[in-house]
């Protein structure tokens, strides 16, 4: 097996097959923030294809439906090559198999994120040792952003301009009556 900058080349006798490096960036994205978009842009530089996988997670009491979250991400990433937006409601490792993903991308804003993300990464490895997890830190300008904080600011009629894509800002204003 050899590696070049774009593909993994598998040699099998006379058959040479190129296998795309597919990464999955899972999350609830309720709502998607400019920090998420930063992680997506940077991931696209490392992988042939990035699938942004919106999780069905009713336990987090989402403000936006899965369909709204998918639509908002698609709108914010319109024209981005090699990026696909999808949703899932099963185990992430099962979803990874269904899309031939080998790498999970996760963002780490602070030390407090690390403990949870490490635990999840180790659990995913226990469920499927062929799947790797990588952690990316956001650009410093976005290091304080979280969907939870964005929703709280919007609920209290605060300004989230520059923290989220314009479509998210507009929908938050409609949902929370600003």
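Taking the conditions exactly as written (in contact with a strand residue (DSSP E or B) (Cβ under 9 Å, 6 or more places away or on another chain) and buried (at least 22 other Cβ atoms within 10 Å of the Cβ)), does residue 92 satisfy them or not?
Against the criterion (in contact with a strand residue (DSSP E or B) (Cβ under 9 Å, 6 or more places away or on another chain) and buried (at least 22 other Cβ atoms within 10 Å of the Cβ)), residue 92 does not qualify.
Considering each residue of region 51-63, count those that are over 15 Å from residue 39 (Cα atoms) and in contact with a helix residue (DSSP H, G or I) (Cβ under 7 Å, 6 or more places away or on another chain), and give that number. Steps first, please.
From region 51-63, those over 15 Å from residue 39 (Cα atoms) are 55-63; that's our starting set.
Still in the running and in contact with a helix residue (DSSP H, G or I) (Cβ under 7 Å, 6 or more places away or on another chain): 56, 63.
Matching residues across region 51-63 total 2.
Residue 85 satisfies every condition listed in (1) in contact with a helix residue (DSSP H, G or I) (Cβ under 9 Å, 6 or more places away or on another chain); (2) in a helix (DSSP H, G or I) except (2). In the set (1) in a helix (DSSP H, G or I); (2) under 26 Å from residue 46 (Cβ atoms); (3) in contact with a strand residue (DSSP E or B) (Cβ under 9 Å, 6 or more places away or on another chain); (4) touching a residue at least 12 places away in the same chain (Cβ under 8 Å), residue 97 fails one condition alone, (3). Exactly one residue out of 92, 145 is closer than 27 Å to residue 170 by Cα and under 15 Å from the mean Cα position of the chain (by Cα): that is 145.
Applying the criterion of being surrounded by 12 or more Cβ atoms within 10 Å (Cβ to Cβ) and more than 17 Å from residue 28 (Cα to Cα) to the residues of region 101-121, the residue that is modelled with the lowest pLDDT is 114. Scanning region 47-64 for residues that are surrounded by fewer than 14 Cβ atoms within 10 Å (Cβ to Cβ) and at pLDDT 95 or above gives no hits. Residue-level check: of (1) touching a strand residue (DSSP E or B) at 6+ places or on another chain (Cβ under 7 Å); (2) within 19 Å of residue 163 (Cβ to Cβ), residue 113 misses just (1).
Of all residues in region 122-178, none satisfies the criterion of being in contact with a strand residue (DSSP E or B) (Cβ under 8 Å, 6 or more places away or on another chain), assigned to a helix (DSSP H, G or I) and modelled with pLDDT under 90.
The values are calculated or read from the model by the stated rules, or taken from the named source; none is laboratory data. What you see is a predicted model; the values in this text were computed from it and never measured. Here the Cβ is made from the backbone with ideal geometry for all residues, glycine too, and neighbour counts use every protein chain on show.
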